[in-house]
Every structure is written in C-alpha cells, then in structure tokens.
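The block underneath contains the structure these notes are about, expressed in structure tokens.
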Amino acid sequence: MKKTILFVLSLLLVNMVMAQMKVTGRVTSSEDGSPIPYANIQVKGVRGVGATTDLEGRYAFDNLSKDAVLIFTYIGFTSQEIPVNGRAVIDVSLATDALNLEEVMVVAYGTAKKGTFTGAASVVKNDAIKDVPTLSFENALNGKVAGVQISSNSGQAGSTSSIRVRGIGSMNASNEPLYVVDGVPVVSGNVSNMGNYTSSNVMSTINPSDIESITILKDAAASSLYGSRAANGVIMITTKRGKLGRTNINFKASVGITPSFATDNYEAASTEQQVEMYYENFWNADIYAYGKTSAVASTNALKQLNNRFNKHGYTFTAPDNTVKSLTIGGDRAGKYFDWESELMRTAVYQSYDLSVSGATEASNYYTSLSYTKDMGRSVINDFDRITGRVNLTQKAGKYVDFTTNINVAKSGKTGFNDSRATGNNYFLQSRNLLWGLYWPTDYVTGLPWTARYGSYAYNAVYYNNEWENSSKTLRISANEAITVNLLPGLTFKTIFSYDNTQTNDHIYYSANHFTGAGVGGSVSEMSATNTKLVSSSTLNFNKEFAKKHNIGVLAGWEAESNRFDYQRASGTNLATSVLHTVATAGKLDATAYYAGNSMLSLLSRAEYNYDNRYYFSGSYRRDGSSKLGPAARWGNFWSVAGSWRIDKEMFMTNLDIISSLRLRGSYGVNGTLPSSNDGWRTLSTYPNKYMEMPGGGVSNIADPILSWETSYTSNIALEFGLLDQRITGTVEYFNRDSKDLLQDVPISGVTGFYSTLKNVGEINNNGIEIELSGDIIKTKDLNWSLGITASTVKSTVTKLYSGQDIIWYDPTGDDARAKFIYREGQSTLALYGLEWAGVEDETGKNVWFLNNDKTATTTVDGRPATYRYQDATEVIIGNVHPKLFGGINTELNWKGLSLSLNFNYKLGGYTYDAAGRDVSDDGYYWERIMSQNQFDNRWTPENKTASLPQRLATDMEDVNQKSSRHMHKADYLRLKNVTIGYTIPKNITNKVKISSARVYFNGTNLWTLAAYKVYDPEVNAFGSRGWEMPLGKTYTFGVEFNF
Amino acid sequence: MKKINILLIVLSIVLLSSCEGFLDVKPSNSTDAETSILTAADAKVAIGGLMRKMASSDYYGRNFIMYGDAKGSDFAIASQGRGLDALYVFNHSATSNSYSGFWSQLYHNILQANNLIMNIEKIEADGKGSATLSEYKGQALTARALMYFDLVRLYGKPYNMDKSSLGVPLVLEPLEETAQPTRASVEAVYTQILKDLADAEPILSKAVGTVAVKGFINYYANKAVQARVNLAMGKYPEALAAAETIITSNKYTLYANDKWVKSWSTQFDTESIFELAVYQNEADLLTGSLGYYLLRKGKISGAMGWFMASDFYINRLKEDPTDVRWGIMDYDETSSTRFGSCLKYTGADLKGDKGFPSPVNIKVIRLSEMYLIAAEAAFSQSTPDKVKASTYLNAIRKRAPALAASTSTTVTLDMIIDEKSKELFAEGQRYFDLIRLNRTITFNDDFIKPAVIITHRTVSIDRTFYKAILPIPKGEMDANPAIASQQNPGY
C-alpha cells in the first residue's frame, strides 16, 4: 500500500516537475515604466534556452518548467532572478544599475570595466556637458575631473583652450594631451595661420552633442599604450551610437545671450576722472619733480590737455591752478563718445541639433546634423559651424563587424587681434586708448576722423569698414574599422582613419586702412591643409581558465602619417576697394611649402586577473618617429600595474558599510615628441630674398641626437564605495618625473644664434587627487547628489642645463608679458621680477626691496629698500600653480525638475597682470585712459595710504618693470554652470507622440568670488592676463525633444 | 581564416620593408646646412642672403643709422615716449635698452660670412674654384670687415683712445654651440679688419653699375671701407690713398647741385659705392622704416615724428639759405618755418626710389663721404696737404653756393667736420666722427617741450662717458660666463 502511494505521488511529482507551461510577460524600467526592448532572459541552469523581449518589452516562453528560474538582464540595469513558481504571466520591473563598477568605459585600444581597470582614468558622460553652451567640449569639463586644469586662452568665439593633465611636464615641447577620437589620434589645437588675429580651435569641429563620453587617461598604465605622445595624458572621445530599440529622433535648440563680462575687467574711470588724472599727471611733475609754482604747473598741464584735445572740440581751464577748478569746455563740452557700445555688443549663441539613431541586433546607427552660431561680444567676432555625422556599425555574417564613423564639419570665424596691439585690439582700445573725448568724426568738418589718435588707437567706427578677416575650416574625418571575431575570445580589429582639415584664412585691408595705406590696400589668402592618416591593427585575446584565471593579451601595430600643406597668396595695390581678391592686385606675392612627420609603432599589452580579485597588467610599445634623427629614432615605452579588489576578500564580507574597495597602483614610462619636425637637423633656409633673387643662410645649430622627452609616472589609488555605493570616491597620489626635457639652451650670441635645442632638463610633478560623490537624498521622487573634485599638483623644476637658470617669457601674444624663471628646485611657473615694497605714505613714491648688498636708502618692515628700481635685484616673486583646485558639482532632481550647479575653484597661486602697466601707469603714457582702480587707489596728498603711487609725468619706468606689483592672488570660486531643467511629464508628451520633452535654462559664469577683483581670475595656462577678450556671463534657454 | 592570415603576413612584409623610408621625412623648404653651398650658384644665394641680413632693422635697415645720428647731437627729439628715445637719452643698461639686436644680428651675419668663406675655400681646395667664386669670397670678407668695424665701435673704445682695451670677440669660422669666446683687444680687431680688406681687394670686381654689383660689394666699396677704417685708426696717409683710389677712378661722380635732391629718389645713382637694396616684400619695414621714423608727425598716416634736426644742425645749414641740402628737409611739427624733418629715406616727394615711401634703398657708402674723408686725411696727416684738403672740401662745400670756397689757407678741420655734418646728416656718421675726434657733444635738450629733465646723462658728454659705448647684453653674459667678467666699465 505504501509503495503504491509513493509511486503515485512520485508520478504526480514527476508530472509536476516535468510539467511544461507557457510563460509570458513584460519587462519594463522601474524608473518610468517604459518597456525595455531586447532585454535578455535566460533560464537558470538550462543551456540553450532563452528569449529576448520585443520592442514592447514582451517575451514568451512556450515550454518552461514550473520550477524554472528566469534571469532577466539588460545593460545598465540590475539583473533579476525570478522563480516561475507556476505563474503564467510574469511582469518584471528592472532598476537602473547604481553599482557603476560594472560600467564599461572606453580606454586605450579597447574597453574596460570601471571596477577592474588598473590605470587612472576619469570618465565624463554626455549628460554632464550637454547643456553648456560651448562650441568645443573642453570648456564644459571645468572642475569635473580631478587633476585636470582647463584654461581658455580668450573669450573670443572659437578660440582654443589649454588643457593640463597633472601639471606641467615640459618646457619646450607641448604640454597638451593627445586627443583620440573613436580609437584614433586626431589633429588638435589651433589650425588658423593668422597669428594673433585669431585662433581657430579644430576640436570645435566635433559637435559636443555627438559625444557619448570622454575618458581622460592620466597615469602611465592607462596611457602608455600611446607611448611617445602620451606623457601629458590622453583625452579619449567616444561618439554616440544607437541604442537598441525603436528609432530615436532627438531635436535640440538653444539660444544664449552674453550681455556682459563675467567680472570687472579693467573698468575705465569716467571721462571727467580721466581728464583730472591727466592734468594731475603734469601738474604733479612740475610741482614735485621740477619745483615749479602751481601757476606754471597748471599752465603746462593745461597746455598738454589743449594740445591733445582741442582738435576734438574741447578746451580746458583751471582758474585756481589746481585740479579742483579744472573745467572742460569747448564745442563738445559735456558730451563724450561711448566707445564701449560701439565696440562691444551682447553676444548671442544659438545652437540647433538634430539626431536620428537606433539599433537592431545586426546594425547600429547614429546620425546627426547641427548648426551653431556664436556672435561674440566684440562687434566683429563671429563664429558659425555646421556639422554632420554618421556612425554606423553593421554585422556581416557571424564573425565580422564593419564600423564607419564619418564626421564633416564646416566652420567660419571672424576674429580680431587679442594681443597688445594698440591699433587692432578693440578690447584694449575700449579700456585703455579711446578717450570719451575722441569722436569718430572731426568736430569742425564732420568728416570721419581717420588719423591715428594720440593714444595710438584708431577710429574703429571708420576702420571697421575698411578691413575684414575670416578663417574657414572644413574638416572631414572618416574612421573605418573591421572587427573579426576569429575565435571565441580572439578578435582582430583594424582601423583606418582619414582626418583632413582644410583651413582658409582671408585678411583684407583697404587702401584707406592704416595697415593698407602705404601699399594701396592688401589682401592675403592662406590655405592650410592638415592631413592625418592612421592605420592601426590589433589582435585581442581573452580567455578564462578554470573559472579563476582570466587572461587578456593585446598585440598590434600602428602607422601614422601627418602632412601639412600651406599656401599663401597675397596682393597689394588693389584695383578697387570693392573687390577684395588677390587677382585684382597690382603686386603679387606668394609662398607655399609642405611639411610632415610620420610614426611607426608596435604595441602590446597583457592582463591577468585571478578570481576577479587580483589584477595585473603590463604594456609595451615601441615607437619610431621621423621627428628624430636616425641615431635616436626608436623608443620603448612600457608600464606595469596591479589592483586588488579588497572588498571581495573574506575579511571584508562583514563590513557592510563598505560596498566596494579597491587599491590600484601603476608605474610606467611614456614620452613627448619635440614639437618641430626637424629639430635635429642643422638647416639652411631661404627666406632672405634680395633684389628679387633668392637669398638664404644657415638658420640654426642643431643636435643630431635630439631625442624624446621621457616621463616616468607612478600612481597609487584607493577607490571606495560606502553604504551600497551611495557614497563613492577615489583618493589618488601620483608622481611624474619628466626627464630629457628639451631646452633652448642659451649659447653665446657670437656663434650666430642665441640658443640651441638639447634634451637636458628635468621636472617633477606630484600631487593628490580626490574625487568624491554621493547621493545625499535618494528617494523615489527626490534625488540630491553631490560631487567634489580636489587636486593638488606640485610642479618643480629638478634639473637644468649646468644648473643655469633660464629666464623665459609668457609666449602669449608675442609680447613677453610675464617673466618667468626655470631654476632648479623651484616651481615650473615661477614668476620672476623685482619685489615691490609698496608706496611710501609720506611721498607717494614706489619703494622696492633691494634683495642685494647695495646700500639701502630706506627700509620697509625692517628690510632694506630703495626708491630706484634700477638698484634692486630681481627674485622669484610668486608661483602661478595653485595649492588646490577642482570643482563642486551638485544635482537635485525632483519629479521632472532638475537643478544642477557646477562650481570650479582655485586656492593659492598668483596671476600676473600684464595689462596693469597700461591701465595703471603712474603717468608714463602721456595719452592713455586709466582704470577706475587707478583713479581710486592713486596716491594724493588727501589719500596718503593709497596702494598705488603718485602719478608723475616724468617717464618713470617703474610700472613697466616685471614686479610683484602686478602679481595678485589667484584664489577664486566661480559658479561655472547652473542648469535648471524641466522634463515635461510623459502623460502630456505622449499625447502629441513625443516620447520626451525637456526645457532648460543654463547660466554660465554667473557668479564669481575672487581674491582680486580688478580682472577675471580665470586666466590662461601661464597665469597671466593681458588684453585678450575675457569670459562673459551667458544665459541660455533651450528645448530638447525626443520622438 | 587562411585569407586573413595571408593578409596579415603581406601587411607585415610591406610594413617592415618600407620602414625606414617611411620615417625619413625631409623638410620641403630647407636644406642641410652642411651641403648647402657646393657651387657658385649656391654661393650667390648665400651672399644675397647676407646682403639682405645686413639690411635688417637691427643694422643698416634702421637702428645702426639711427644710432650714429641720435647720439651725435644733430638729432633732437620733440617729445618723449615715441620709441628709440633711449638712444638719445643714453638710457642703457645690460638689462634694459641694451640694443642687444646689434650684437645678435651682427654676429649672425658674421656667421653667414664665415660659413660662406669656409665653403668657398673648401671648393677651391678641391680644385673647383673660379673667378666668380673668388669674387663672392671677396664680398664676404669685405662685409665681415665692415661688420667688425661697426661692432668694435659700438662696444669698444675708440682706437685712438685706448687700442689695448677690450673690443669684441673675433671669430673667423663657424663655431660649435659650446663655444665661449672672449673679447679680443680693439687693436686685434682692427688688425683683422685690415687683413680681411686686403685679402679681398684683389679678388673683387671693379665693375660699377652692372647687374652683378648693384646692391652688392665691389672693389671700390672695399676701398671705401679701408678709407673709413684707416681714418678711424688715425692712419691718415692710408685713408687718403684709399679714398683717392675711388675718386680718381672716375667711376663715380658727385651729384651736381641740381641733381642732389633727386638722388634721394633714385636707386644706384652716380655716387652710390655701396647701396643695400630694400624692396617691398623683402626688407621693407613699412611704418617702422627709417624713412617713417624721420617724417614729421602726422605728415602721412603712420608717421610719428621720432627724430628731427637739432638747432645745432639747423643753424649750420642756415649758414647758407640757398644750400641745396635744404631741398631734402621738410618743416617739422614744431613750426611751419623750422625745417627739421628729413626726407632722405622717403624721397622729397614721399615716393622713395620705387614709388613707395618705405621700401627705400640704404646708401651705406657714397662718394661725397670719400671726398670728405680725403679732405680730413689730407688735412690731418703729419705733413698736411692743405691744397688737397681744400680742393676735396670745396667739391662738397659748393653745395652751399653762397658760402665762399675754402682755400689752402682758410681751410680748417672744423670746416671739414661741419661740412660732413651738413652733407651726411641722418646717414649714421656724426656720432662716430665726434667720438673719434674726441669732441664734446652737447645735446639740444631744451628743444623738448614741455621741458623734461634727462636723468641718464648730462647735457654735454664726451667719449669718457661710460655710456658712450654699449653694454654687453645680459643674455650674452648669462650664456657665456667667460665674457661676463669683461663687461664694459660702468655698467
């Protein structure tokens, strides 16, 4: 009896177990209930049985065991295991994967999981940069990546930025990182050939909306696969691909206005105050320097004023022989011309983007088209750009993938001179040269005023119609790749990339313009083509052994060729002012040449991990470059790295508070090539035509064994996550020794040259980087996250040729505007000059610290000082590098509303004010306008504790010396971006068949707290500010639709 | 699979075989310096380059000419702050206004000359020399001599003041980058100058006015430099002989009075012994040219009135209101009746010698100067030949028709020196003459309005003033410690 019951029961059981049933259901996202197409569903423990959801998120299993367990997975979402338990309908809601350790990031020659990558790399996603109104993506990266400093060289539309990753590693070669787009290195930097007139940033040909993510590789382990060009870091840009599912159409439009600069920038005093200071300048000289009576002094001062300004319709009187009774009279009395409104305007930035993307199992496409127009604050500064992109990946058969990424961008820029050119820089003119007393018309005849003003400025109202410039860039990049899955785990990938940038510059001066006047008008056309061909093939092998051992091996080779072609045609003595072409010129001039370089490389990498707990990797690359002579051509670059997933250890399992903990370290070698293509050749060049016959001569002394600059970087970091990844962070220490640095070693001028290039210097950069981010509030409706980056970089010159100091100048604007010194043991950006001791209260004179053994004529704070700067010795006066820099990013999301704030800050360090000597000149220039700061702070008998000296027209050169008087604290905190966005609820948008709609407002540079308020503290990479256009406050409104 | 393997093998073969060729990328607009002068045509290109470099703004293109006049008291400034003032006020230091451009440009040019001479000697040693090649060598030697003459007067004390004092480093072949040369004595430099000139003399062309020598150096230019150098050394008979070689050759003719003004609008006119060509798109300095610097402020767009004639010069010219040299003077900014603005370098009609005001040739050596050198040498030699002195002087003095000609009894050194001032105004000579003659130089400082006190020198100086010569530039002393202890006294 019992046996029968057991048998029947077992039959029943078997029946139950063997019972096949149909199971269906729908997979949706827990965030907004939208269906997840192409989600993967496996049956646990059963091979070969699986399903994917369709476009509606629906799936069906026909023959499933009642006790089966289904595993639901989809990229970006947390997997779920759900037992069937006999249910016929199982709907699953998947939550987004907060555990971003599993996130895949793009790295050198491949991808890696964030949680296992042994190098130091930071990732910035598209979301973080998409709302910032910027032509080129690098301006949106401020404060988002530890260890990276981004400075813009000018506020002009389309200008280039400088990026420094982990300090400054080179004195003579470039400090810019390598840019890699979709796996191949690309041309970067300024492509315009018009010198100080404009810089045209070729990276602005990549539409920021096309960028999916940016990875910045910072240490040797991450970047040494790029070997000889990676010492300054690598910025890897990955463009967007389609997402599995329905075709997605995205449209964005935004308009931004910039009515004013972000901070004060040498604001000028009022016209009456200018005249007062002008009178005072000469009056003071006569009274205090020449001992004249006030009657004589006043007469002389009035004579100066009358000499210069009577011709503009003004007269001057001072009945009581002091500035108090100074009155401006004349035909134009009381009226002054507003040059600021003539030269500046509210800038308008517009951008329109349309993209269509989608993907199926076999193919993946992303296409976009965009138009951007940026009309800058200066009335003649304009930039516009059209870009189009097609990214397509297509599977062909089971084993082969074809990928093609094509980007075409056409941009045009009109710019103006950003250097200290009195005739051409409108910003300089508005703050320093154009008196309110100057008018664009002659007050007697009413005709345009064409003569040069006494301050050396020109009448822009008239001359702006007499010249034009433009810089047009067309960039075509085509990137073709074939990936062949030879065997499971063995992939062969070959990429061929063609990157061609053609820039056409045009500059025209009419015969009426002061530059074209002597030659009857001039026009120049310059055409430059930069072509880069890269062919890169790699073989990648990955295998798991015995479930515990994972091995990956990469081997490959790469060839790259760069060519630069340049032609210029110029003409002078033009036939008519209506035609601005070289063909009409009476006298023609032309030049053309080409230059190039090429590189061959072998690369390899090996990785091993044990049980996903211990990771080791090593890489080796051998580069040969045409930039070096045969004796030193080939170089070897390698790295070793390891990491340890501490949280996976047994002893960590009980510490729940720590959800992830990883220690990683690396050491490696990479390099920097010389900037010049022929640095190792001693050459004769032929630029010295004589009487229309060729002429040339020896042009340099070179070192035939000129070699790489080598950088040895070690890096150690701790990555942690607390409270279920609610708080994550990285603390990292790096040390980068750069050796064999190229230096222009000074040599005796008697050799015919004053320097030659040699590899002799050494620099050390080390520092700590901290990245912290956390979700302060995380509920269904409300999310508040906060992230902080903080970095320190100590950048020191460790070795110089024969220990000799090198004095060098800020190259910006060809103006030698700040003086630096490379000295062993000192900072790489050590400002050098006289040490100013301030202004003597009793007399208003400049006082200087002696810093030598000469007899002191006075003392300040107990230190010997002098009134004559000629007697003082120059010393190191400050360090440009900050003590701490970084950003603070916070984001608040509530239902559909989001608010994000992005601050960047800098603490410590100094900036050098190269324009101070112009707007605060102590009376040196006899016809320039001064800043409000000069007016307020100049020494007068009524204001004896003033910070600036008395103004005297005795041509004292004190203000023109490079000194600590012009050095100011660089600390600042800036609200770089504030974005308020509102995603319109789905129930409304679905009614009009729009799958999502968003409106947003973005404000850039809206608020700044700075230690020194006279000018914008966000200066260039050398810490100096001169007469380049400053940044402005931008208010942008935008909408974004997805169909 | 197999197809891919084959492809890989083919690729790697292609790669390895084209390896080194792929990595040898030569520049398209320069050649290796070592092999750049192999034929006479190459030498011609090099000498053309050297001439062009001599017309640089740091040398005869502008600054050297300005130097010789700004410091000579025949120039004055009307107002401070217009640039190159430091020359007038002697505001020199090793670090500021050291005019290091003279040092670097001149030695750069000397390198080109040395390189050319060395390469020509190599070709000649190989037995492939020719007369043309020798001629280029002669030109390079003469140019080098002239440049050392200018260098030693800028940086060293006058020969007749202290010839054993420090001159300038003497280099006769291209140096290695590690070289640390020290200053040779003034005497050693002058000895080398005379040697170079003597070596070059026989191999130079005696042609005048041909395409081959216009803008270049010929035999007579060599003789002219010899005249200048010997005069500076006080070797009057030699100076006289050299000057007379040119005068008696009759290859050059003095301008007639009615042609004198026009000569400044003419290229390679009858008096030009050595003229450096300045063409548009070549050494043209546009509004920074010598011509523009001397135009009255505001005369044409870009003219800023940097220097004008001093009262001393005006008064000298006023000795004869019909002096032809008034024809090249224009009124200056101080008054419409004061003719202190000089138009030599723009032409009287502002059309230069090619139709434009700035690309105007520099007349480095003219026949008029040779006459005046001959006059002074004849007068100053140990047995003065006053007949010759007054004859030569009168040839120039007649350009002031109202003045009585000098005679062998009335001729004085002052007459000759004054005539030189009148004739060679703004041609870079006055200062060097006054220093050579150990005269006191008094500046027209009261001309500056409104008045300023000049702190860098006294109103009168002479050649004992330490700033009468330039300091060795700081850059040179930093790079060349051997010379650092040889700075000129006072700096």
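The values are calculated or read from the model by the stated rules, or taken from the named source; none is laboratory data. This is a predicted model, so every value here is computed, not measured. Note that we place each Cβ from the backbone using ideal geometry, even for glycine, and neighbour counts take in every protein chain shown. The area values use the complete protein model at the heavy-atom level, side chains included, leaving out ligands, DNA and RNA. Shrake-Rupley method; radii C 1.70, N 1.55, O 1.52, S 1.80 Å.
See the values below:
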| read-out | value |
| --- | --- |
| Count of residues meeting criterion [open to solvent by less than 40 Å² (accessible area, probe 1.4 Å) and either within 14 Å of chain B (Cβ to nearest Cβ) or touching a helix residue (DSSP H, G or I) at 6+ places or on another chain (Cβ under 6 Å) (or both)] in segment A:578-588 | 2 |
| Extreme residue, farthest from the other protein chains (Cβ to nearest Cβ), among residues of segment A:798-825 that are closer than 15 Å to A:Lys962 by Cα and acidic (Asp, Glu) | A:Asp810 |
| Conditions (1) in contact with a helix residue (DSSP H, G or I) (Cβ under 8 Å, 6 or more places away or on another chain); (2) open to solvent by less than 10 Å² (accessible area, probe 1.4 Å); number of the one not met by A:Ser738 | (1) |
| Out of B:Tyr431, B:Tyr331, B:Tyr371, sole residue that is away from chain A (no Cβ under 14 Å), over 25 Å from B:Thr253 (Cβ atoms) and at pLDDT 95 or above | B:Tyr431 |
| Residues located in segment A:647-682, provided they are open to solvent by 20 Å² or more (accessible area, probe 1.4 Å), of a type outside the set (S, T, N, Q) and outside any loop (DSSP other than H, G, I, E, B) | A:Asp647, A:Lys648, A:Met650, A:Phe651, A:Ile658, A:Leu661, A:Leu663, A:Gly665, A:Tyr667 |
| Entirely in segment A:857-943, the strands (runs of 3 or more DSSP E) that have 1 or more residues that are open to solvent by 50 Å² or more (accessible area, probe 1.4 Å) and of a type in the set (D, E, K, R) | A:863-866, A:884-894 |
| Residue among A:Gly334, A:Gly291 that is surrounded by fewer than 16 Cβ atoms within 10 Å (Cβ to Cβ), in the same structural domain as A:Leu948 (by TED's automatic domain parsing), under 48 Å from the mean Cα position of the chain (by Cα) and in a loop (DSSP other than H, G, I, E, B) | A:Gly334 |
| Hits in segment B:95-116 (condition: open to solvent by less than 20 Å² (accessible area, probe 1.4 Å) and assigned to a loop (DSSP other than H, G, I, E, B)) | B:Ser98 |
| Output for segment A:550-577, where each listed residue is in contact with a helix residue (DSSP H, G or I) (Cβ under 9 Å, 6 or more places away or on another chain) and either within 14 Å of another protein chain (Cβ to nearest Cβ) or hydrophobic (A, V, I, L, M, F, W, C) (or both) | A:Leu554, A:Trp557, A:Ala559, A:Ser561, A:Ala569, A:Ser570, A:Gly571, A:Thr572, A:Asn573, A:Leu574, A:Ala575 |
| Elements of type strands (runs of 3 or more DSSP E) in segment A:32-137, at least 1 residues being at pLDDT below 85 | A:40-43, A:50-52, A:58-65, A:69-73, A:80-83, A:92-94, A:104-107, A:110-113 |
| Failed item in (1) open to solvent by 10 Å² or more (accessible area, probe 1.4 Å); (2) in a strand (DSSP E or B), with A:Asn300 passing the rest | (2) |
| Complete set of residues in segment A:438-458 that are more than 12 Å from chain B (Cβ to nearest Cβ), of a type outside the set (Gly, Ala, Ser), touching a residue at least 12 places away in the same chain (Cβ under 8 Å) and more than 14 Å from A:Phe309 (Cα to Cα) | A:Pro448 |
| Conditions (1) open to solvent by 10 Å² or more (accessible area, probe 1.4 Å); (2) in contact (Cβ under 8 Å) with a residue 24 or more places away in the chain; (3) in a loop (DSSP other than H, G, I, E, B); number of the one not met by B:Ala426 | (1) |
| Qualifying residue in segment A:1-20 (condition: surrounded by 14 or more Cβ atoms within 10 Å (Cβ to Cβ) and modelled with pLDDT of 70 or more) | no |
| Only one of A:Lys547, A:Lys627 that is within 14 Å of chain B (Cβ to nearest Cβ), assigned to a loop (DSSP other than H, G, I, E, B) and open to solvent by 20 Å² or more (accessible area, probe 1.4 Å) | A:Lys627 |
| All positions within segment A:684-715 that are of a type in the set (A, V, I, L, M) and either open to solvent by 20 Å² or more (accessible area, probe 1.4 Å) or at positive phi (or both) | A:Met691, A:Met693, A:Ile701, A:Ile705 |
| Filtered residue count, segment A:176-195, keeping only those that are open to solvent by less than 20 Å² (accessible area, probe 1.4 Å), under 16 Å from the mean Cα position of the chain (by Cα) and within 27 Å of A:Trp1027 (Cβ to Cβ) | 1 |
| Selection count where residues are among the hydrophobic types (A, V, I, L, M, F, W, C) and within 14 Å of chain A (Cβ to nearest Cβ), scope segment B:49-83 | 6 |
| Any hit, segment A:709-721, residues being out of contact with any helix residue (DSSP H, G or I) (no Cβ under 7 Å at 6 or more places or on another chain) and within 14 Å of chain B (Cβ to nearest Cβ) | no |
| Residue check for A:Ser684: at the interface with another protein chain (Cβ under 9 Å from one of its Cβ atoms) and closer than 30 Å to A:Ile705 by Cα | yes |
| Residues located in segment A:991-1043, provided they are out of contact with any strand residue (DSSP E or B) (no Cβ under 9 Å at 6 or more places or on another chain), assigned to a loop (DSSP other than H, G, I, E, B) and surrounded by fewer than 22 Cβ atoms within 10 Å (Cβ to Cβ) | A:Val992, A:Lys993, A:Lys1013 |
| Odd one out for B:Thr142 among (1) modelled with pLDDT of 95 or more; (2) more than 9 Å from every other protein chain (Cβ to nearest Cβ); (3) within 25 Å of B:Leu294 (Cβ to Cβ) | (3) |
| Candidate set from segment A:759-773 (those that are within 27 Å of the chain's Cα centre (by Cα) and open to solvent by 10 Å² or more (accessible area, probe 1.4 Å)); member that is nearest to the other protein chains (Cβ to nearest Cβ) | A:Glu762 |
| Of the criteria (1) within 14 Å of chain A (Cβ to nearest Cβ); (2) in contact (Cβ under 8 Å) with a residue 60 or more places away in the chain; (3) assigned to a helix (DSSP H, G or I), which one B:Glu34 fails | (2) |
| Residues being open to solvent by 20 Å² or more (accessible area, probe 1.4 Å), more than 14 Å from chain A (Cβ to nearest Cβ) and among the small types (Gly, Ala, Ser) - total across segment B:179-208 | 5 |
| Neighbours by Cβ (under 9 Å, 6+ apart or cross-chain): first from segment A:743-758, open to solvent by 30 Å² or more (accessible area, probe 1.4 Å); second among the basic types (Lys, Arg) | A:Asp744/A:Lys758 |
| Members of segment B:221-250 that are open to solvent by 10 Å² or more (accessible area, probe 1.4 Å), in contact with a strand residue (DSSP E or B) (Cβ under 9 Å, 6 or more places away or on another chain) and in contact (Cβ under 8 Å) with a residue 24 or more places away in the chain | B:Arg228 |
